[in-house]
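None of the figures in this text is laboratory data; all of them are computed from the coordinates on show. Computed from a prediction, not measured in an experiment: that's the story for all the values here. Positions of Cβ are backbone-derived with ideal geometry, glycine not excepted, and every protein chain shown enters the neighbour counts.
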Amino acid sequence: MQGYTDKIREIAGKLLEEGKVDVFIGYKEGSVPMVNEPVIIRESKKADLLFWDVNCSLNLCNYITKRTDNIGIVASGCNSRSIVTHIVENQIKRGQLYIVGIPCTGMIDHRAVQTAVGDKEILEFEELEGDKFKVKGEGFEKTLQNSEFLRSNCAVCTHRNPVIYDEMVAEPVEEQSDVEAYKDVEEIEAMDPDKRWEFFSSIISSCIRCYACRNACPLCYCPVCFVDESRPQWVGKSIDPTDTMTFHLLRAYHCAGRCTDCGACERVCPVGIPVRQFTKKLNKDMESLFSWEAGLSLDQRPPLDVYRPDDYNDFIR
Amino acid sequence: MGIEPGRLQFSWVSSAEAGKFVEVAREVAGEVEALGPVKRFVKGRAEVV
């Protein structure tokens with residue numbers, strides 16, 4: 001995805017200059033390597049702050065909820081699907097948006113890279129030609145292949161190109177077709193209930209209830225989240241395993257039929273919980289029961305807010 | 001998720017179907033009772049050390 005940065009800067013600068021948008025939302029280089037930050041730009045001369053590489057893992061759709069101004073925004077496949085979900089859920093109007101589409105070849109799993117360099121501190125990161133990248137630190141330098149360090153959601157992604165855009169920064173990339181998207185979910189489904197309980201209890205055992213997964217998720221835009229409410233208090237605020245499990249279960253259910261598997265939740269988890277294991281099963285069910293993948297079309301209502309005579313359940317017909 | 005089988009049940013009852021509601025409630029209560037005390041999703045009392 002080399003060369004995208006220049007193109008994004010050029011487009012954003014022009015849009016702001018011409019007054020087509022009031023703000024431009026993109027990423028800028030973070031203060032530490034491999035962590036790009038979201039940035040909101042208001043003046044064309046600041047467009048040079050914008051940046052794109054394989055570390056743009058957060059979902060920018062988070063920043064457009066209920067905005068009233070005109071917005072320019074960069075959007076890869078999953079981000080564009082979240083934007084569609086936002087429009088369908090009346091959180092923003094299509095007319096307010098100028099979407100700069102990014103054909104995406106996947107983001108890098110910073111944890112896997114960290115492990116690959118023996119947990120030494122990475123001080124420099126550079127994207128290279130031929131889908132490779134270089135990491136440098138005190139006494140080491142390593143060149144690695146993107147494809148071997150893709151984030152788990154990017155590795156099984158089948159919507160790399162944006163589904164909605166006003167302008168693309170490059171030609172569309174080839175979509176992956178031979179991925180087994182739900183292999184891990186099938187393994188969990190095959191477990192007996194005791195094993196399954198043990199599995200989910202163990203993956204959340206290190207949860208510190210920081211709610212980073214919720215905060216990073218573009219779907220979590222309720223003015224007051226159920227976990228923050230105190231009257232009534234739906235869920236205890238402790239890290240008692242029951243409270244933690246309740247939080248994760250409900251968080252996942254609130255994403256049913258809406259999740260685009262952007263992986264922002266997993267990216268931001270400070271303790272490395274595979275949070276997507278909760279939402280993935282719901283995505284799989286949505287696909288098999290309702291032939292639904294979230295955020296692909298502006299014209300279709302999500303399965304959970306329509307009644308269809310061909311519903312798979314008998315009782316509702 | 002691994003919630004004990006039988007403890008979680010779904011039914012569709014219209015507000016006009018009082019009889020059906022009673023029937024379903026009795027049935028579910030009976031089945032859950034037969035399963036005995038719940039083992040998961042139970043919050044113990046805080047331990048005082």
If one compares the long axis through the Cα atoms of helix B:18-35 with the longest principal axis of the Cα atoms of chain B, the angle in degrees, nearest 10, works out at 30 degrees
For A:N36, which sequence-distant residues (separation of 5 or more, or a different chain) have an amide H within less than 5 Å of its own amide H, given hydrogens modelled in the peptide plane?
A:G30, A:S57
If you count the DSSP beta bridges with both ends in chain A, what percent of them are antiparallel, to the nearest 5?
65 percent
Taking every residue in B:38-44, how many Cβ atoms of other protein chains lie within 10 Å of its Cβ, on average?
4
Ranking A:V179, A:W234, A:M168 by how far each Cα lies towards the positive end of the charge dipole of segment A:164-238 (+1 on Lys and Arg Cβ, -1 on Asp and Glu Cβ), the top one is A:W234
Sequence-distant residues sharing a close amide H with A:V74 (under 5 Å, placed H):
A:I25, A:V100
For B:A18 and A:I208, FRET efficiency with R0 = 41 Å and r from the beta-carbon atoms, rounded to 0.05?
0.30
Based only on Cα atoms, what Rg/Rh ratio does segment A:118-194 have, Rh being taken as Kirkwood's radius?
1.11
If unit charges are put on Cβ atoms (+1 for Lys and Arg, -1 for Asp and Glu) and the dipole of the protein assembly as shown is taken about its Cα centre, the option from A:F140, A:V113, A:S206 lying farthest towards the positive end turns out to be A:S206
Summing -39500 (n - 2.57) over every DSSP H run of at least 4 residues in chain A and dividing by its residue count gives a helix-only mean residue ellipticity at 222 nm, to the nearest 500 deg cm²/dmol, of -8500 deg cm²/dmol
Calculate the length of the line joining the C-alpha centroid of segment A:8-78 to that of segment A:163-185, in whole Å.
21 Å
Whose amide H sits under 5 Å from the amide H of A:L97, counting only residues 5 or more places off or on another chain, with H placed in the peptide plane?
A:I71
For a quick check of your reading of the filter: which GluC sites (Glu not before Pro) in segment A:211-317 sit in a DSSP loop and have no more than 14 other Cβ atoms within 10 Å?
A:E229
Cα gyration tensor shape of chain A, rounded if a/c is under 1.5, else prolate or oblate by comparing a/b with b/c
oblate
